[in-house]
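Step one of this worksheet: look at the structure below.
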Amino acid sequence: MFDEKLFRETLDALLRDPEIRKMKQYHQHAGGNTYSHSLDVARTSMAIARRLPFHVKERDLARGAMLHDFYLYGTDDMPYTAYQHGRRHPQVSYENASRRFRLTATEKDIITSHMWPLTLTHMPRCRESVIVSLADKYCASREFILAFRRRARQFLTDRRR
Ligand SMILES: [Fe+2]
Ligand SMILES: [Fe+2]
């Protein structure tokens, strides 16, 4: 049902792109970088899609997931508040991605709606967008929990000294 080979080939082709690799230099709030986060979201999207009883567009899912946070700035040195970043970065990511790649309507929808319901008017309109939006929330929550645990452990270690 789900063509895993097609998904992986599409993702691998994107990972070779120098602009995509640039995401490694941009840090995120929870400590990782945009590249590792996006790759995590792509892999989680595949894990969800593989289990679904209906067809999902493998190419669009892989590309939309990998490009959903293609905003190309670090959250440490951004000109926005966290709230503004949350609302604006889907559009910024879409503009950057469409300058670099020829996007399908589904890929555009995945990128622009992934923060819904924070971006009120950009609701996911296809199943691929719902999958990436869920995968993103799952991965981001896990990153925050891990970062919180790391900081708590560090705090306790420092106090014992
Ligand atoms: Fe995002
Ligand atoms: Fe994300």
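The values are calculated or read from the model by the stated rules, or taken from the named source; none is laboratory data. Worth saying up front: this structure is predicted, and the values here are computed from it rather than measured. Glycine gets a Cβ as well: all are built from the backbone with ideal geometry, and neighbour counts include every protein chain shown.
Among the residues that make up segment 74-89, is at least one of them of a type in the set (Ser, Thr, Tyr) and either within 19 Å of ASP12 (Cα to Cα) or under 12 Å from the mean Cα position of the chain (by Cα) (or both)?
Among the residues of segment 74-89, not one is of a type in the set (Ser, Thr, Tyr) and either within 19 Å of ASP12 (Cα to Cα) or under 12 Å from the mean Cα position of the chain (by Cα) (or both), which makes the answer no.
Is it the case that ALA30 is in contact with a Leu (Cβ under 6 Å, 6 or more places away or on another chain) and within 21 Å of LEU134 (Cα to Cα)?
No: the conditions fail for ALA30.
Identify, by number, the condition in (1) exposed (fewer than 15 other Cβ atoms within 10 Å of the Cβ); (2) within 11 Å of ligand 1 (Cβ to nearest atom); (3) part of a helix (DSSP H, G or I) that ARG99 doesn't meet.
Only one criterion is unmet by ARG99, namely (2).
Is one or more of the residues making up segment 8-30 within 16 Å of ligand 1 (Cβ to nearest atom), in a helix (DSSP H, G or I) and among the hydroxyl-bearing types (Ser, Thr, Tyr)?
Kept after step one, since they are within 16 Å of ligand 1 (Cβ to nearest atom), are these residues of segment 8-30: 20, 23, 26-30.
Retained after the next criterion (residues that are in a helix (DSSP H, G or I)): 20, 23.
Right, trim to among the hydroxyl-bearing types (Ser, Thr, Tyr) and you get none.
For segment 8-30, residues within 16 Å of ligand 1 (Cβ to nearest atom), in a helix (DSSP H, G or I) and among the hydroxyl-bearing types (Ser, Thr, Tyr): absent.
In segment 119-143, how many residues are surrounded by fewer than 13 Cβ atoms within 10 Å (Cβ to Cβ) and either within 21 Å of PHE2 (Cα to Cα) or within 12 Å of ligand 2 (Cβ to nearest atom) (or both)?
Selection size over segment 119-143: 1.
Has segment 104-116 got any residue that is within 19 Å of ALA82 (Cβ to Cβ) and more than 15 Å from the chain's Cα centre (by Cα)?
Of segment 104-116, the ones within 19 Å of ALA82 (Cβ to Cβ) are 114-116.
Subset that is more than 15 Å from the chain's Cα centre (by Cα): none.
Scanning segment 104-116, I find no residue that is within 19 Å of ALA82 (Cβ to Cβ) and more than 15 Å from the chain's Cα centre (by Cα), so the answer is no.
Contact list please: Cβ distance under 8 Å, first residue in segment 55-75 and farther than 19 Å from ASN33 by Cβ and assigned to a loop (DSSP other than H, G, I, E, B), second residue among the β-branched types (Val, Ile, Thr) and within 14 Å of ligand 2 (Cβ to nearest atom), pairs at least six apart or on different chains.
Here the result reads VAL56/ILE131, each pair linking segment 55-75 to a residue that is among the β-branched types (Val, Ile, Thr) and within 14 Å of ligand 2 (Cβ to nearest atom).
Any chance segment 55-70 includes a residue that's within 15 Å of the chain's Cα centre (by Cα), away from ligand 1 (no atom under 14 Å from the Cβ), closer than 20 Å to THR106 by Cβ and surrounded by fewer than 19 Cβ atoms within 10 Å (Cβ to Cβ)?
Step one: filter segment 55-70 for residues within 15 Å of the chain's Cα centre (by Cα), giving 60-70.
The next check asks that each one be away from ligand 1 (no atom under 14 Å from the Cβ); those that pass are 60-63.
Pick out the ones that are also closer than 20 Å to THR106 by Cβ and you get 60-63.
Now drop any that are not surrounded by fewer than 19 Cβ atoms within 10 Å (Cβ to Cβ), which leaves none.
Among the residues of segment 55-70, not one is within 15 Å of the chain's Cα centre (by Cα), away from ligand 1 (no atom under 14 Å from the Cβ), closer than 20 Å to THR106 by Cβ and surrounded by fewer than 19 Cβ atoms within 10 Å (Cβ to Cβ), which makes the answer no.
Quick one: GLY86 ticks every box in (1) surrounded by 16 or more Cβ atoms within 10 Å (Cβ to Cβ); (2) within 13 Å of ligand 2 (Cβ to nearest atom) except a single one, so which number is it?
Failed condition: (1).
Residues of segment 110-161 being at pLDDT below 95, of a type in the set (Gly, Ala, Ser) and in contact with a His (Cβ under 9 Å, 6 or more places away or on another chain), which ones?
ALA140, ALA147
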